[in-house]
Structures are given as structure tokens and as C-alpha cells.
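Participant: Have a look at this one before I ask anything.
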Amino acid sequence: MSLLQDVKNWVRARSIHVSYVDVGSCNGCDIEVLACLAPRYDIEQYGIYVHNNPREADILLVVGAMTPPWVERLPALWAKIPPPRAAIAIGNCPISGCVYNRRETYILGPVSKYIPIAAEVPGCPPRPTEILSAVLSVAPTVFRDYEVNRP
Amino acid sequence: MKKLVDVSIPLGPVHPCWKEPARIKCETRGEKVLSAEVELGYMKKGIERIMKGRPWQEVLFLAERVCGICSVIHNMVFIEGMEAISGITVPDRAAYLRVVVNELDRIQSHLLANFSFCYTIEHETLAMYLLNTRERAMDSLERITGARVNKAYMIPGGVRFDLRDADRAALCADLDYIEEAVNRYARMFEGGPLIATRAKGVGILTQEQARIARAVGPTARASGIAEDLRLSHPTYRRLEFAPIVRTEGDNFARIMVRFQEIFQSIGLVRQCLHDLPAGPIRGGGTCGAGETVSRGEAPRGELSYFIRSDEYGRITDIAIRTPSIMNIDACTHHMLPGVTSLADVTSVFVSADPCIACNER
Amino acid sequence: MRSVIWYLREFLRAPWVHAFLFARTAPLVTPSHFRDYPSLTDVECTHCFSCRMICPAPGAIEVLQEGGGWHPVIHRGHCLRCGLCVEACPEGVLASGRILRWQEEDRTSFRATFRIQVDHAKCMRCGNCCVSCPVNKEQDPQMASGGHSSNLEVIMRIAGGKHTVIHEERCVGCRTCEGACPNSAIRVARILEGVQGVTEG
């Protein structure tokens, strides 16, 4: 790999801007993501900056089960994020619908049907330590050699 | 001659200041807000429809996940409704343990609400202090119930797990830490001059307006309405406390009511631990047929469940009314009109502590 | 208006200075008392399916037979980590956090009863429910199609043109009959009770 690509890989593993969207959750996973920001678990020390601007984000955190109003809005939001980008699904809801996955629900399928999901963190809700471990293990690899793999 | 244009500004579903999607449309003239409307519906999952026909062990988990922040009170109100229908009595120790977990949940919810407000007015230092203190409350909850957020601690007839002595000592230590820390933060909040410009006199809800809009919870108590549903609960009646009321009705009053309610909750937990009797934690009992309206005081106000069940204890009809419905209405129709700066719209909305997930189940 | 001395005293406390210089965030470990995904203990599973009957999350737990033995399988994307399966298992095959230890000390358990409810206006007497019931299959392997059986040990059978329930207490609550019924005429109610200090017979 060229030196430029190595530099890009090195930088992208250490400086990640995150935006999150709640497509229909109970707020449990949302608050656990906020707890990651707290000084006890401090996600910012790894260079991960949680603002909420999709246009400046590298990673989109999707929280919550897919509800009908977001069928058009979530792909539109995903299109607004400039590449290189990745989406991480947090909690059971975007993976399977959690308890809401019954016959009489308004929930549509898993979020991976609407936007491509790079990683999943299961749990209802996952503990901040689990979210943090998952994000840190994904961070070096998700953007590695992005230009080569996706020209 | 300058012509002032009326602009309608939407504060959209995805916004840095609030965690859940809701849209506020403000009609403004210059910077002053003339009127506002809230558009919800971005999170409807149909929980009440899923609950129909299911027994309590499945409805319990659905009720808990109506709102992840105040999940214990949903659990408690639902289980107390099932117990009222079926005539199940709860042993004393279980009743006191329920109050302990409920008040711990209230502490963490109020700390989160105040964190939200400080984060919205960009006082990140105080916001992070509060969030860190909240972690101690969550630690205690984790030791007692095994989970941080969705605990499923209460079942018809009692609670699931007992309180061990080691956890009880850790709980007392955590309470002391939280009390000392929140004391300092409340003094910081009260005394800060820049906080006062964003909080004092902003978003005023008078007592008359609160009555018309039927505001509940700390939002109403900050406007002078002294109502607290915990006063009519049998276990709480054995404990000594009085509702905390302030009269100003602005952002500052609402945040200070929540700070003082944290101290009140710490006092209640200490009383419960002091009075905790020995005995069984589950009294058994199966759920039967009937209907009832069960009410409780959630951290955001009055929560009521209308439950109707069939002879095997399955839920046939359920209607949940959460406090945020009234509070959001009070906020958009009475607090937001007249706000002098558009930047204050977010802080006023967040100070009323909306829980959009509760709103649209 | 606070003086400089006040601010200095507020922010230069010894524990704060120490935390400022030597602060570390908490290590990324899950404490042992956290109610994590249930793990299998060494106890042999008797495939009674109590864990599956009590599980509130759809598709979270399955009891599978692999290599001569049965064991429950938890699917992570569906499991809520509520711990009910850990408490419901009569043998203690699943473990999570401190639940098993507490259950032993407090002598708490869950007691399940199953009641069969048939809507006779919707029932077509097709017998699908009787034929698909796994307990019926154990009691009467030669049950005729149409749910007719001369064996009186089955849970239910079609007799005299009517659906009759004979041994409701043998029902294990699997609700296979509910899935087999074309009209949704049969419903099985899972009545759960949390008890303490009662030894199961």
C-alpha cells in the first residue's frame, strides 16, 4: 500500500466523527450511548467525537427498531453522509426488533434492509462497556484501505 | 422602513439537542417566537396493540420498554394494576424494596434530565459532572437488580431478587456520594450568572396556564401546583415526605425542583433502608379477570394504565397515558409563545423534560 | 460575586488535583454481577422446555439436540437478558450473573400452569391440534388423523364430534396446537406465578 494510504488508515482509525439517529427506540440504548460520553467511560479520549451532524459524520449509529416514518428518511439521511462512511447498529432493536417483533407490530424488518450495516452490538440495552468495545474493535478496520476497496 | 418577515422555523427530527425525533415548528417574528406546534409520530411502534392477548410475563417487558429512562415506574404501575385486579397482596419487605428501586430510578432520571438541560445550554462541565454522578446510581441499580436500564424487577406478588447486606452497604455509600456531589452541583447551578440568563425568566408557565394545559410532574410543581401521586400510594404513605413546589415556573424553577427531588428521593431510600423489615420477597398469586386504572408518579409526572384482563390473566385491553403528553402540550402552547430568542426554544423544550418515546408507544 | 479565593479553594482540592493528573477511565469489563447472556453450566439439560415457555423475547432461545445431548441455545440479537430462563430451569442448566446463587439462597422459583381454551364456535373439529400435540404423540403414537383416539391418557381428542380436553394438567405450554389450528380456535394460556419457599413436588 502506498504511504498516503497508510497515513489515511492511521488517521481514520483515530479520529472518528459520529452522528446518531434514533429511528424508533425506547430510549434505553440512546441513554447508554450517552453514558459512553460520560467521564467514566469517556468515548472522546479515543478520538471519537459525538456531534449530531450527518454531513460531517464518518459513522452513523442507528438505534431503535425501524418504524414506517423512517423508511424514506433513513436512506435519505444515509445519502447525506459523505463517504467514507459506515453504520453501526446498537441494541437488539435494529437487529431483530427485540420484544416488538410480534405479528401485530408496526415495526418493519431489520435496519440492514434499508442501509448497509457494518457492525452490530446486541443487547437490550448493551452496556456502555460493550458499546465501547465494539466501536473500538471496529474503528481500525472499517475504513481500512477505503479508496482501494471502493474506488 | 424595515419589514419584519414572519418565518416558520422547523427544529427537525434529528437535532443535536434532543435524543429522540420530534419536530417543533415555530412561527417567529425576528427572533421572538409567536407560536409553536409539535409534530410527533416518528417513533410509533404499536406497543399497546402488541400487548393485547398476552400474559403478564410478556406484557411486563413490553411495558418496561415503553420508555427506557423511566422503565421501573412503568413496571411498577403495570404490576400494581395486575395485583389490584387479582387481589394479590405484596409482602412488606417487597413493598419497601420496590420503593427503593423506584426512587433510585427517579434519581437517575432527574440527573439525566438536568444533564440534558445543561448540555442544551452548552454548559458541558456541569452536564458531564451530572452524568458521571448518574453512573453511581446506575451502579447501585446494577448491584441490586442485575441490569442497568431494563430491570424487570417487580412481578405480581413481590420482587425478583432480595437485597444483600454487601449491596446495601454499597448503596448507602453511593447515596452519600450522590448527595454530596449533587449538593455542590445545585449550588453551582443556583449561583452561576450565565446559567441564570438562560434559565431565569425563560419559558414561564404560570399556575393558571399549567392548570389549563393539565401539566403534571416537576413541570407543574415548578409552577405552583402541589400535586404528587406518591402521596396516595400505600407504601409511600408510611414514609415522611412532602412535595417540592416552586412558584416561578421558568426553566430555573423546573431544574431546581428536580435537584431538590433528588435529595427527597435520597431521603426516601434512606428511610426505606432503615424501616426494611425481614421476611419473604414473593407472596405468590396468579392473575385473574377484571379491570382497573392504575396510577403512579413517574419522574416526569402522572402515569396511568387502564388494564382489562381475562380469566387467565391475559391482557385484553390496555391504555397507557404517559406524563409527557401533557407536558409537551403545556410546553409548546404555553411556554414557547413569547420566548424572546430562538436559541431558547431548545432549552425550554428540554427543561420540560419530554420523553418522546413515552409519548408514542 | 464569588472571590478568587473561593474559586481556588473549590477547584484545587487534593482529590481533584490527583484525579486531574492521574485520571483513568474505567476498564472496559463487565462486572460479574451483571445479568449477562445466560451461559451453560455443566448440568445436563432434560429438555423440559421450561426456559422456552417463559422467554418473553421472540426467537431468543431454542432447545436443540446435538450429539446425543440437549442444550439450550441463546441468540444474542434477540435475547433481552431478563434472566427468566435462568430462574425457570428446574435443573440449573443456565447461569447469568448472580441469579442462580440468589435463587438457591432465597428459594425463589416460578410456577407455570397451562390452561387450554377452545372457542367452540370457531372449532371445525379437524383434529389438527390433537395430532400435532407432542405430548399426545408420546401417549398415543397411533392417534388417527382427525384427532380420534380411544386412548384416555392423551391431553385432548375429538370425541363424538366435539373437541374434549381430558388431561389438561399434562400440557407443557408449547402452543404447537395454536399454530396448527386453521381457525385460531384454540388458545393456551401460560399462567405464571413467582413463588418463594415452595418446594416443587
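The values are calculated or read from the model by the stated rules, or taken from the named source; none is laboratory data. The structure presented is a predicted model; accordingly, all values stated were derived computationally and were not measured. Glycine gets a Cβ as well: all are built from the backbone with ideal geometry, and neighbour counts include every protein chain shown.
Participant: Going by the conditions given, is C:THR30 touching a strand residue (DSSP E or B) at 6+ places or on another chain (Cβ under 6 Å), among the polar types (S, T, N, Q) and within 14 Å of chain B (Cβ to nearest Cβ)?
Facilitator: Working: touching a strand residue (DSSP E or B) at 6+ places or on another chain (Cβ under 6 Å): no; among the polar types (S, T, N, Q): yes; within 14 Å of chain B (Cβ to nearest Cβ): yes.
The answer is no for C:THR30.
Participant: Among the residues of the range C:156-168, are any at positive phi and without any contact (Cβ under 8 Å) to a residue 24 or more places away in the chain? Steps first, please.
Facilitator: Step one: filter the range C:156-168 for residues at positive phi, giving C:160-161.
The next check asks that each one be without any contact (Cβ under 8 Å) to a residue 24 or more places away in the chain; those that pass are C:160.
Scanning the range C:156-168 turns up at least one residue that is at positive phi and without any contact (Cβ under 8 Å) to a residue 24 or more places away in the chain.
Participant: Let me ask another. Hey, among the residues in the range B:239-279 that are of a type in the set (D, E, K, R) and buried (at least 16 other Cβ atoms within 10 Å of the Cβ), which one's nearest to B:PHE115 (Cα to Cα)? Before the answer, list the steps.
Facilitator: Taking the range B:239-279 and keeping what is of a type in the set (D, E, K, R), we get B:240, B:246, B:248, B:250, B:254, B:258, B:261, B:270, B:275.
Cutting the leftovers down to buried (at least 16 other Cβ atoms within 10 Å of the Cβ) gives us B:246, B:248, B:250, B:254, B:258, B:261, B:270.
Working: B:ARG246: 20, B:GLU248: 21, B:ASP250: 17, B:ARG254: 13, B:ARG258: 11, B:GLU261: 15, B:ARG270: 24 Å.
Looking at residues that are of a type in the set (D, E, K, R) and buried (at least 16 other Cβ atoms within 10 Å of the Cβ), I get B:ARG258.
Participant: Oh, and also: Tell me, which residue of the range C:85-113 that is in contact (Cβ under 8 Å) with a residue 60 or more places away in the chain and charged (D, E, K, R) is surrounded by the most Cβ atoms within 10 Å (Cβ to Cβ)? Talk me through it step by step, then tell me what you get.
Facilitator: Kept after step one, since they are in contact (Cβ under 8 Å) with a residue 60 or more places away in the chain, are these residues of the range C:85-113: C:90, C:96-99, C:106-113.
With charged (D, E, K, R) added as a condition, the list becomes C:98, C:106-107, C:111.
Numbers: C:ARG98: 19, C:ASP106: 16, C:ARG107: 13, C:ARG111: 14.
Here the answer is C:ARG98.
Participant: What pairs can you find where one residue is in the range A:64-75 and surrounded by 14 or more Cβ atoms within 10 Å (Cβ to Cβ), the other is assigned to a helix (DSSP H, G or I), and their Cβ atoms are less than 6 Å apart, with a gap of 6+ or different chains?
Facilitator: If the second residue must be assigned to a helix (DSSP H, G or I), the pairs left are A:GLY64/A:CYS93; A:ALA65/A:CYS93; A:ALA65/A:TYR100; A:MET66/A:VAL111.
Participant: Can you pull out the residues in the range C:106-118 that are more than 8 Å from chain B (Cβ to nearest Cβ) and farther than 17 Å from C:ARG190 by Cα?
Facilitator: C:ARG107
Participant: Has the range C:70-86 got any residue that is at positive phi and outside the structural domain of C:CYS181 (by TED's automatic domain parsing)? Write out each step before concluding.
Facilitator: We begin by selecting, within the range C:70-86, every residue at positive phi; these are C:81, C:83.
Those still in the list that are outside the structural domain of C:CYS181 (by TED's automatic domain parsing) too: C:81, C:83.
Looking through the range C:70-86, at least one residue is at positive phi and outside the structural domain of C:CYS181 (by TED's automatic domain parsing).
Participant: Now a separate question. Of the residues B:PHE349, B:PHE306, only one is more than 14 Å from chain C (Cβ to nearest Cβ), in contact with a Gly (Cβ under 9 Å, 6 or more places away or on another chain), of a type in the set (Phe, Trp, Tyr) and surrounded by 23 or more Cβ atoms within 10 Å (Cβ to Cβ); which?
Facilitator: Details: B:PHE306 fails: surrounded by 23 or more Cβ atoms within 10 Å (Cβ to Cβ).
Just one listed residue meets the conditions, B:PHE349.
Participant: Same structure again: Could you grab me the full set of residues in the range B:164-180 that are within 21 Å of B:PRO277 (Cβ to Cβ) and of a type outside the set (A, V, I, L, M)?
Facilitator: Residues satisfying the conditions are B:ARG164, B:ASP165, B:ASP167, B:ARG168, B:CYS172.
Participant: Would you pick out the residues in the range A:1-35 that are more than 8 Å from chain B (Cβ to nearest Cβ), outside any strand (DSSP E or B) and buried (at least 21 other Cβ atoms within 10 Å of the Cβ)?
Facilitator: Result: A:VAL33, single match.
Participant: Are there any pairs, at least 6 apart or on different chains, whose C-beta atoms fall under 6 Å, with the first in the range C:174-193 and within 11 Å of chain B (Cβ to nearest Cβ) and among the hydroxyl-bearing types (Ser, Thr, Tyr) and the second part of a helix (DSSP H, G or I) and crowded, with 20+ Cβ neighbours inside 10 Å, and if so, which?
Facilitator: Qualifying pairs under 6 Å: none.
Participant: Just checking, how many residues over the range A:99-151 are in contact with a Leu (Cβ under 7 Å, 6 or more places away or on another chain), crowded, with 17+ Cβ neighbours inside 10 Å and not in a loop (DSSP other than H, G, I, E, B)?
Facilitator: So in the range A:99-151, the residues in contact with a Leu (Cβ under 7 Å, 6 or more places away or on another chain) come out as A:99, A:114-115, A:124, A:129, A:132-133.
Add one more test, that the residue is crowded, with 17+ Cβ neighbours inside 10 Å, and what stays is A:99, A:114-115, A:124, A:129, A:132.
Narrowing further to those that are not in a loop (DSSP other than H, G, I, E, B): A:99, A:129, A:132.
Count: 3.
Participant: A:PRO110 passes all but one of (1) within 30 Å of B:ARG54 (Cα to Cα); (2) within 14 Å of chain B (Cβ to nearest Cβ); which number fails?
Facilitator: It is condition (2) that A:PRO110 fails.
Participant: Name the one entry in B:ARG198, B:ARG136, B:ARG148 that is within 11 Å of chain C (Cβ to nearest Cβ) and either under 30 Å from B:GLU80 (Cβ atoms) or in contact with a His (Cβ under 9 Å, 6 or more places away or on another chain) (or both).
Facilitator: Details: B:ARG198 fails: within 11 Å of chain C (Cβ to nearest Cβ); B:ARG136 fails: within 11 Å of chain C (Cβ to nearest Cβ).
The match here is B:ARG148.
Participant: Determine, yes or no, whether B:GLU291 is more than 14 Å from every other protein chain (Cβ to nearest Cβ), acidic (Asp, Glu), outside any loop (DSSP other than H, G, I, E, B) and farther than 30 Å from B:LEU336 by Cβ.
Facilitator: Working: more than 14 Å from every other protein chain (Cβ to nearest Cβ): yes; acidic (Asp, Glu): yes; outside any loop (DSSP other than H, G, I, E, B): yes; farther than 30 Å from B:LEU336 by Cβ: yes.
So B:GLU291 passes the test.
Participant: For residues in the range B:12-26 being surrounded by fewer than 20 Cβ atoms within 10 Å (Cβ to Cβ) and at pLDDT 85 or above, which is farthest from B:ARG321 (Cα to Cα)?
Facilitator: B:LYS25
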